[in-house]
């Protein structure tokens, strides 16, 4: 299938067959996200989805794991999603799991019977954009859920035997609030027990609404060193057993491992890179101009002089 936009999926899904069932994101309002803003959201017709399944089958494909795209595929109307899941099973009866991104609100609108039906049809992992442990940060970033709703939705996933995976963002609370966010997020993750946590650490981008908040001073970004210190504190406080993967793309640093087994090694890696960070405040930035910052290095990392 000809894919529109940027491919976005968790690293755990890198070996999965990615089957688009929509273009863009049905929500598309998170203040920090630019993945789907250039796309007009629409659902792909069943004929196009089936054509892709036929193509893969005729090519000898027999995927064990399928990831449904694009953003927030779980928000599809229940009947439509069930029909797509049944279609997948017809072509690939040996498929063991069908995974996708979801939101807290897309889970809460489902009945318990619907969640159980999705499980019977092969749905296993749902990736939720938890992002922060602080309600005021979630509201500011327009995440469309609070912590109470997240607890309720995840509790219902566990009850239906669906696997919950969490996306988070160090730095999302802004300058000076990293430790506060780390403590709140650790408490939330320890209680809700995701199978995986993926940290896409905060970066700045001119094309998102958050950029205007940076310009007017209503959001002051944290430096990369602050983000690393927040991550270190988060991992220190984690007691749940889970797989953790943390990305800091623009300083080319990644820390990953299985908690609690690998905690000390992960903390040692973080401690080393924190000590090596320059005294000047360094920020991740994607493209274009950034207020009061001067380009350094190859252009993907900016530092405040």
Any idea what the alpha-carbon Rg over 2.2 N^0.38 Å comes to for segment 199-271? 1.28
In the chain, if every C-alpha pair distance is counted and binned at 20 Å from zero, what percent goes to each bin? 32, 56, 11
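Kindly give Rg over Rh for segment 1-150, based on alpha-carbon atoms, with the Kirkwood expression for the hydrodynamic radius. Please list the in-between numbers first.
Working: Rg = 15.6 Å, Rh = 16.1 Å.
Here the Rg-to-Rh quotient is 0.97.
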Span per principal axis, largest first, for the Cα atoms of segment 146-280 (Å): 46, 34, 23
Final fewest-first order of 39, 128 on the 10 Å Cβ neighbour count is 39, 128
Pairwise Cα inverse-distance average, inverted: Kirkwood Rh of segment 142-219 (Å): 14.3
Cα axis of helix 263-276 to longest principal axis of the chain: angle in degrees, 0 to 90, nearest 10? 40
Just from its helices, what would the mean residue ellipticity at 222 nm be for the chain, if runs of 4 or more DSSP H residues each count -39500 (n - 2.57) and the sum is divided by every residue, rounded to the nearest 500 deg cm²/dmol? -11000 deg cm²/dmol
Of the DSSP beta bridges with both residues in the chain, give the percent that are antiparallel, rounding to the nearest 5. 35
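Values in this text are rule-based calculations from the coordinates and carry no lab data. Remember, it's a predicted structure, so these values are computed and weren't measured experimentally. As a convention, Cβ positions derive from the backbone with ideal geometry for all residues, glycine included, and neighbour counts pool all protein chains shown.
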